[in-house]
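A.B. asks: Please find one structure pasted underneath; my questions will follow.
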Amino acid sequence: MQRTPASIRHAAFRAASHAAVGAIALAAASAAQAQSSVTLYGIVDMFVQYGKGDSTTLAVQSGGVSSSRLGFKGTEDLGGGLKANFQLEQGILADTGALGNGGLAFGRQAWVGLSSDTWGSLSAGRQTIPQYDILDAFDTFATGVGSSASSSIVSTTSRANNSVKYRSPTLGGFTGVALVGMGETTPSDTNSGDNANVYALGGTYAAGPFSAGLALNVFKRGTNAQQDARYALVTASYDFGVAKLSGAVQKVRNLAGNEASDRTEAMVGVNVPVGERNIVSVAMGQVRTNGSDSLNARQWSLGATHLLSKRTSLYAVLGHIDNGAATSYTTTTATGAGPVTSAGQDVHSLQVGVRHAF
């Protein structure tokens with residue numbers, strides 16, 4: 001029998017070894033890719049506004065239903081049910097191309113954390129406050145155009161810097177959230193901004209068509225001349241199938257740290273699906289300030305949404321605000337400004353826009 005030369009055998013062995021190493025590396029890379037992922041996503045939302053406050057205005061703005069944004073989020077499977085997670089999200093003013101949220105690189109969210117199906121999640125960074133999360137979930141207009149939270153008739157602070165946030169797993173329909181925001185700044189004139197010292201608790205419960213939420217916030221005073229601001233929010237909704245009814249009531253003490261600036265805020269609304277692609281929304285919100293009728297105000301909103309696809313929709317919202325003698329609320333949208341108005345001046349507006357998510 002003729003033998004294969006040693007040089008040929010060695011070459012064949014080397015080729016087989018390289019192929020095996022390549023296959024192992026490819027398999028390892030595929031496994032690593034399967035265990036971790038990064039997603040690029042965003043929303044572009046633009047609208048035309050016709051409004052009347054102190055004067056009649058016509059404007060093109062960004063952020064009607066939702067703030068325009070660009071974000072990155074990812075997860076890595078660490079094994080044993082433990083995952084690492086992160087999210088970086090920047091606001092965009094699509095009408096000019098400028099950054100939103102005061103020009104911050106990732107002003108909407110910037111955090112990293114760990115999560116477990118058994119123990120819940122823990123994260124740190126710039127994050128949304130539980131009260132805002134719950135209000136957004138139960139607001140008929142989802143804190144966008146038409147919302148009494150966007151106009152500040154119902155008070156909320158969206159985010160906290162330097163915060164640590166814990167979210168429990170869902171047990172029996174209940175999910176709890178706790179957040180501590182460490183201001184890390186010298187005392188300032190306000191205690192309810194992004195850099196405030198805030199302590200917040202929240203919880204939601206869902207059972208079939210019924211759901212409810214509760215949130216408690218304490219914003220520590222910014223100066224010795226101020227008081228701690230305290231917020232207590234209760235929300236509920238019921239989906240009847242033909243319509244979803246939602247409402248919220250919030251008690252506020254020492255608004256923005258001002259002593260005895262106490263008020264009761266409320267909103268109620270209904271979303272009615274019309275066919276498979278249309279939703280009609282109606283909502284009312286109001287604020288009543290203790291001891292001062294001039295600081296009361298009320299807002300009505302009527303909206304319609306048409307779904308062109310799962311990611312693209314058209315919308316139109318009519319809004320009206322009755323301002324008290326000392327209030328100047330306007331029909332602010334997710335990030336757009338409503339008509340300029342002076343104290344005691346009522347506001348009317350119509351916003352028509354398009355929203356695309358990717």
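The values are calculated or read from the model by the stated rules, or taken from the named source; none is laboratory data. No experiment lies behind these values; they were computed from the predicted model shown. In this analysis, Cβ positions are derived from the backbone assuming ideal geometry, glycine residues included, and neighbour counts consider all displayed protein chains. To get the accessible areas, we keep the full protein, side chains included, count just its heavy atoms, and leave off ligands, DNA and RNA. Shrake-Rupley method; radii C 1.70, N 1.55, O 1.52, S 1.80 Å.
A.B. asks: Select, from Thr332, Thr305, the only residue that is surrounded by 16 or more Cβ atoms within 10 Å (Cβ to Cβ) and either among the basic types (Lys, Arg) or assigned to a loop (DSSP other than H, G, I, E, B) (or both). Before the answer, list the steps.
C.D. replies: Working: Thr305 fails: either among the basic types (Lys, Arg) or assigned to a loop (DSSP other than H, G, I, E, B) (or both).
One residue alone meets the criteria, Thr332.
A.B. asks: Is there a residue in region 267-274 that is surrounded by 18 or more Cβ atoms within 10 Å (Cβ to Cβ), in a strand (DSSP E or B) and either aromatic (Phe, Trp, Tyr) or out of contact with any Gly (no Cβ under 8 Å at 6 or more places or on another chain) (or both)?
C.D. replies: yes
A.B. asks: Testing Val340 on (1) assigned to a loop (DSSP other than H, G, I, E, B); (2) of a type in the set (A, V, I, L, M, F, W, C); (3) more than 30 Å from Gly103 (Cβ to Cβ), one condition comes back false. Which one is that?
C.D. replies: It fails just one condition, (3).
A.B. asks: Any chance region 337-350 includes a residue that's touching a residue at least 24 places away in the same chain (Cβ under 8 Å), within 26 Å of Pro273 (Cα to Cα), within 22 Å of the chain's Cα centre (by Cα) and open to solvent by 50 Å² or more (accessible area, probe 1.4 Å)?
C.D. replies: no
A.B. asks: To continue, here is another question. Can you pull out the strands (runs of 3 or more DSSP E) entirely within region 28-123 that have at least 1 residues that are surrounded by 17 or more Cβ atoms within 10 Å (Cβ to Cβ), without any contact (Cβ under 8 Å) to a residue 24 or more places away in the chain and of a type outside the set (Phe, Trp, Tyr)?
C.D. replies: On the way: elements: 36-52, 56-62, 69-79, 82-93, 109-116.
The qualifying strands (runs of 3 or more DSSP E) are 82-93, 109-116.
A.B. asks: Can you tell me which condition Gln250 does not meet? The list is (1) more than 24 Å from Thr128 (Cα to Cα); (2) buried (at least 18 other Cβ atoms within 10 Å of the Cβ), and all the others hold.
C.D. replies: Result: Gln250 passes all but (1).
A.B. asks: Right, next: Return the residues of region 308-327 that are under 18 Å from Arg288 (Cα atoms) and either open to solvent by 60 Å² or more (accessible area, probe 1.4 Å) or within 19 Å of the chain's Cα centre (by Cα) (or both); say none if nothing qualifies.
C.D. replies: Ala325 - this is the single residue of region 308-327 that is under 18 Å from Arg288 (Cα atoms) and either open to solvent by 60 Å² or more (accessible area, probe 1.4 Å) or within 19 Å of the chain's Cα centre (by Cα) (or both).
A.B. asks: Going through Val280, Val270 one at a time, which residue ends up being over 20 Å from Gly63 (Cβ atoms) and within 21 Å of the chain's Cα centre (by Cα)? Show your work before the answer.
C.D. replies: On the way: Val280 fails: within 21 Å of the chain's Cα centre (by Cα).
Just a single option satisfies the conditions, and that option is Val270.
A.B. asks: Here is a follow-up. When region 290-299 is examined, which residues are found to be open to solvent by less than 70 Å² (accessible area, probe 1.4 Å) and modelled with pLDDT of 95 or more?
C.D. replies: Passing the criteria: Ser294, Leu295, Asn296, Ala297, Gln299.
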